[in-house]
1. Tell me, which residue of the stretch 14-50 that is over 14 Å from the mean Cα position of the chain (by Cα) and outside any loop (DSSP other than H, G, I, E, B) is surrounded by the fewest Cβ atoms within 10 Å (Cβ to Cβ)?
2. Which one of these does Ile87 not meet: (1) loosely packed, with under 12 Cβ neighbours inside 10 Å; (2) modelled with pLDDT under 90; (3) of a type in the set (A, V, I, L, M, F, W, C)?
3. What number of residues in the stretch 54-75 are surrounded by fewer than 17 Cβ atoms within 10 Å (Cβ to Cβ), small (Gly, Ala, Ser) and assigned to a strand (DSSP E or B)?
4. Write out, first by first residue and then by second, each pair whose Cβ atoms fall under 6 Å of each other, whose residues are 6+ apart or on separate chains, and whose first residue, in the stretch 34-56, is closer than 8 Å to Val20 by Cβ while the second is of a type in the set (Val, Ile, Thr) and surrounded by 10 or more Cβ atoms within 10 Å (Cβ to Cβ).
5. Condition test on Arg59, is it closer than 19 Å to Ser75 by Cβ, modelled with pLDDT of 90 or more and of a type in the set (Lys, Arg)?
6. Using beta carbons and a limit of 7 Å, which pairs, at least six apart or on different chains, have the first residue in the stretch 16-29 and farther than 11 Å from Ala74 by Cβ and the second one among the small types (Gly, Ala, Ser)?
7. Does Ala19 satisfy the criteria of being closer than 13 Å to Trp69 by Cβ and small (Gly, Ala, Ser)?
Amino acid sequence: MIAHWGRVPNFRFYELQVAVPEDLNAGPDWDLTPIRSITSASDPMPRTPVGKTMVVRVRTVNPKGPSPWSPAVASLLLSSAAISSLISPIR
């Protein structure tokens, strides 16, 4: 699976969080979820077991600091085939 989002002008890098929560009703614990820094507007997601739901959010970082996080997007992995998921552009 690959996450894609709209490019943002004048950014230094993106920060991405990917979680596979045990309890979807409770949602991910973002405070315990590692933050990855990347420079591309897409990123391959880690392998996730079939039947699990992956939750992703992204933000930009520029000289003034980080933007707010995007709304979290959930994707249920239905098969082991590679699929793409879209994350709303950051404004």
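1. Here the residue is Asp31.
2. The failed condition is (1).
3. Qualifying residue count, the stretch 54-75: 2.
4. Thr48/Val20; Lys52/Val20; Met54/Val20; Met54/Thr48
5. yes
6. Sorted first by the residue in the stretch 16-29, then by its partner, the list stays empty.
7. Spelling it out, Ala19 is indeed closer than 13 Å to Trp69 by Cβ and small (Gly, Ala, Ser).
The values are calculated or read from the model by the stated rules, or taken from the named source; none is laboratory data. Here the structure is a predicted model, which means the values were calculated and not measured. All Cβ positions, glycine included, derive from the backbone under ideal geometry; neighbour counts span all protein chains shown.
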